[in-house]
Structures are given as structure tokens and as C-alpha cells.
Amino acid sequence: MTVNIAMLGTGSIADDALAPALQQVAGANLWSVLSRDRARARAFAQRHDASGPAPAHDALETLLADPDLDAVIIATPDHLHAAQAIAAARAGKHVLTEKPMATSVEKGEAMVRACDDAGVKLAAGYHLRWHAGHRKMLALIRAGAVGELRHVRTQWTFQVPDASNWRARRDTASWWSLSGVGTHCLDFIRWVMVPGCGEVVSLASTISRDVWNGPNDETAVVSLRFESGATAEFCCSVLIAAPSRAEVYGSDGYIHCEDTLTRFGAGVINTHDGMLAFDVTDPYAGEIRDFVAAIEDHRKPEVDGREGLRNVELLAQAVASAEA
Ligand SMILES: NC(=O)c1ccc[n+]([C@@H]2O[C@H](COP(=O)([O-])OP(=O)(O)OC[C@H]3O[C@@H](n4cnc5c(N)ncnc54)[C@H](OP(=O)(O)O)[C@@H]3O)[C@@H](O)[C@H]2O)c1
């Protein structure tokens, strides 16, 4: 079986990561492309070998009307994810949406409902779960290598030259650093902790927006407590150029990930027991492989719509907590 997939959006993550990753996945086929500009869609389709007979679209309706299209990958600004996912679901297409899944809890809930009603898959794009080193690390944690989980800390930051990006504006995004990288920090924490530590029971945050004084967070520091009593914290920022970091602490040991929270599947992982060797593989290919397998095997994607929604709920809580 081949799953024909459309790319919605021709920007940085679609061009640099998702379309090249899609080409590596057996059974996945880039079929068509949506851009606001037909010529840009055509150039993207050519660049990435889209194979539909009329692959370039500048209207979502015509793209979705194609009976040979099976699924969409949504790689547009955050405020468009919900409407595009709901339209795709109503047209019977499976959805892999970039993170964060939506700009509000209500929109995220509407996405989950629309995909459930249509009987299509909804997956959220948290590629760090397919980092080969992270997967080895998780297997160690699940096997008890660090004992009982006590605390996890993640940090991912980048430095922007100005506030011109759509993430800085409230009409196109609800969060800036939290949307760009904080949502990944949070997903990493939930992936490692929820199965053993239970759900998040409390959250507190500090947010600053003092360099450009816009509506959305520039730096956010968020702390969490889980049902087991274990704790976690993450820091994200658009003001700091530095390597990313993830730290896992348990009753019997620790794991430190140096610069593994990136797009590239690389970095270094050290444990209390020595360095963890892993192959550098494309994490976006892993994400798309799981999406395609979920469609073929009639199972949930590894990061499904409900998990994407839970992440959105906690991002919203982080802002509310800082404003309280
Ligand atoms: N998982 C990851 O590692 C990762 C990394 C980066 C981004 N993302 C997510 O992917 C999504 C896209 O991010 P990006 O960095 O690729 O953004 P980007 O470079 O700005 O690209 C977004 C694309 O969406 C299309 N678009 C449609 N309406 C738009 C509008 N009103 N304003 C701007 N662009 C519009 C544009 O394509 P046309 O001009 O062709 O219409 C644009 O190139 C976001 O949700 C982001 O959070 C995920």
C-alpha cells in the first residue's frame, strides 16, 4: 500500500526536513503541495518530486477534492492548523500536524473531534521521540536503569534577530518560544515521565517579553509536578543561542543529553554508567514512518491528537499561570 500525502505549506520545516524525510519512508509518497502562491507550490513539487498528476495547489479545497490523496502534513503557521486539519478530516484525509497542534484548547478539541468523527488518524509532529539516542535512553529508563524517576529538566533556546516572525504575533500564534521549542521540551518531559509518574497535577511558570515587548513569550520557565510526586522543569527562549540540554534524574542514576534537542538526530548522551552510543538517523522520517504505519495497521499514531491536545492545554496553562 502507498499512502499519498500532501504538504500544506512550503516553508522552512516543510522544505528542509519534512519533504526530504518523506522521501526516505517506504510506502509514503509526496503527492501534492499547497502554497498561497501556485508558482511556489509548483517549484516545491518539482524540488521534492511530488508525483500527483496536478501536484501544485493554491486552494485547500481543490487539493482536498483529489480522491487519490490519502493524507496531509500540516506545516503552516500555528493559527491555520485547526481549520486545515478539520477540512482535511471532513474530506476523509488522515492528518499529521506540526506542533503545537493548535493555538487554543478549543481548537485542539475541535481537531480531535473532527478526526474521530471522520475516522481518520490525527498525529502531532514531535520528531524528538524518533531520535535514535532518545529511544535508547527511554528503553534504559523503562528497564529501571536510573531507578525511580525523580526529576527531568529540558532546555531548548534559539536567538532571533528581530520580532518579524509570525510566532511573535497574536493573530498567527498564541506563543513564541513556547510554540517554537518549549512545546518540544514539554513533550520530551511527558514522553519520559507520564507512563511511570502519572499525569501532570500542577504547573507554575515565569514568562518574560521584555526585549520586544510583544504579546507572546520571549522566554518561559515552566515547572511541573506529576502524580507520583516527581518534578520537571523546562526553559525555552528566543533570546539565547546555546546548545540544548535534557537531564533525567532517578533514584539510582542519571542521563544527560547534550544538544540532542535539535532537528538533526545527533548530539551526545552520557549516563552515570558511561556514554550511550546511537546511530544518527533522521527523526522526521521516523515520525512519518509511524504516521504511515498507523494508517496501514489501523492503530493510533505514537503521538496522537489527544497527546497533542494535552500539550496545548499545558502551554495555555503556562501562560495563565504566569499572568495569575
Ligand atoms: N517539528 C519541528 O521541528 C518544527 C520546526 C519548525 C517549525 N515547526 C512547525 O511547523 C509549522 C511551520 O513552521 P515553519 O518554521 O516552517 O514556518 P515558515 O517557514 O514561516 O513556513 C510556513 C509556511 O506556511 C505557509 N503559510 C500559509 N499561510 C501563511 C501565513 N499567513 N503566514 C506565513 N506563512 C503562511 C507559507 O507557505 P506559502 O508561502 O507557500 O503559502 C510558509 O512558507 C509551525 O507550526 C511550526 O511550529 C516544527
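Computed quantities for the displayed model
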| read-out | value |
| --- | --- |
| Count of Lys pairs (Cα-Cα under 19 Å; at least 8 positions apart or interchain) in region 80-157 | 5 |
| Portion, in percent, of the accessible area of region 52-127 that falls on carbon or sulfur, probe 1.4 Å | 52 |
| Dipole of the chain, positive direction: furthest Cα of V268, T2, A43, with charges on the beta-carbon | A43 |
| Helix axis angle, 283-297 relative to the chain longest principal axis, alpha carbon, degrees | 60 |
| Cα centroid of region 189-205 to Cα centroid of region 121-174, whole Å | 13 |
| Under 5 Å, built H, 5+ apart or other chain: amide partners of R150 | Y249, G250, S251 |
| Using alpha-carbon coordinates, inclination of helix 38-47 to the longest axis of the chain, degrees | 70 |
| Note, ³J(HN,Hα) from phi for region 69-82, Karplus 6.51, -1.76, 1.60, rounded to Hz, x at Gly and Pro | 7, 9, 7, 10, 10, 9, 10, 10, x, 3, 5, 8, 4, 5 |
| Residue-wise HN-Hα coupling along region 252-263, computed from phi with Karplus coefficients 6.51, -1.76, 1.60 (Hz; x: Gly, Pro) | 10, x, 8, 9, 10, 10, 9, 6, 8, 8, 9, 7 |
| Dipole of region 101-202 [Lys/Arg +1, Asp/Glu -1 at C-beta], most positive-end residue of V120, A163, A102 | A163 |
| Amide H partners (placed H, <5 Å) of A28, local residues excluded | V3 |
| Residue-wise HN-Hα coupling along region 224-233, computed from phi with Karplus coefficients 6.51, -1.76, 1.60 (Hz; x: Gly, Pro) | 9, 10, 9, 3, 6, x, 5, 10, 8, 8 |
| Solvent-accessible heavy-atom area per residue, rounded to whole Å², over the chain at 1.4 Å | 41 |
| Theoretical FRET efficiency, 1/(1+(r/R0)^6), r = Cβ-Cβ of E258 and D58, R0 56 Å, to 0.05 | 0.85 |
| Distance from region 284-306 to region 1-79 (C-alpha centre basis), Å | 18 |
| Where only C-alpha atoms are counted, convex hull volume of region 102-216 per residue in Å³ | 157 |
| Stretch gain in nm, segment L239-R169, where the contour uses 0.36 nm per residue and the Cα spacing is subtracted | 23.6 nm |
| S51/V280 FRET efficiency (R0 30 Å; Cβ-Cβ; nearest 0.05) | 0.60 |
| Reduced Cα scattering model of the chain, Debye log10 I(q)/I(0), q = 0.07, 0.10, 0.16 Å⁻¹ | -0.27, -0.56, -1.40 |
| Net charge dipole size for the chain [Lys, Arg +1 and Asp, Glu -1 on Cβ; Debye, nearest 20] | 140 |
| A39-K136 pseudo-label distance in nm [points 7 Å out on the Cα-to-Cβ vector] | 4.8 |
| Virtual spin-label span in nm between R306 and A143, 7 Å along Cα→Cβ | 3.0 |
| Two-site label geometry, F158 and T206: point separation in nm, points 7 Å out along Cα→Cβ | 2.5 |
| Gain on full stretching of the segment that runs from E227 to D16 - 0.36 nm per residue minus C-alpha separation | 72.1 nm |
| Dipole in debye (nearest 20) - region 221-273, about Cα centre, beta carbon charges: Lys, Arg +1; Asp, Glu -1 | 240 |
| Tilt relative to the chain, helix 132-142 - C-alpha long axis, 0 to 90 degrees, to 10 | 50 |
| Amide H within-cut-off set for V72, under 5 Å, with H built and near neighbours excluded | A6, H94, V95, L96 |
| Cα-based convex hull volume of region 169-302 per residue, rounded to whole Å³ | 154 |
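The values are calculated or read from the model by the stated rules, or taken from the named source; none is laboratory data. These numbers were taken from a predicted model, which means no experiment stands behind them. Here the Cβ is made from the backbone with ideal geometry for all residues, glycine too, and neighbour counts use every protein chain on show. Ligands, DNA and RNA are excluded from the accessible area calculation, which covers all protein heavy atoms including side chains. Shrake-Rupley method; radii C 1.70, N 1.55, O 1.52, S 1.80 Å.
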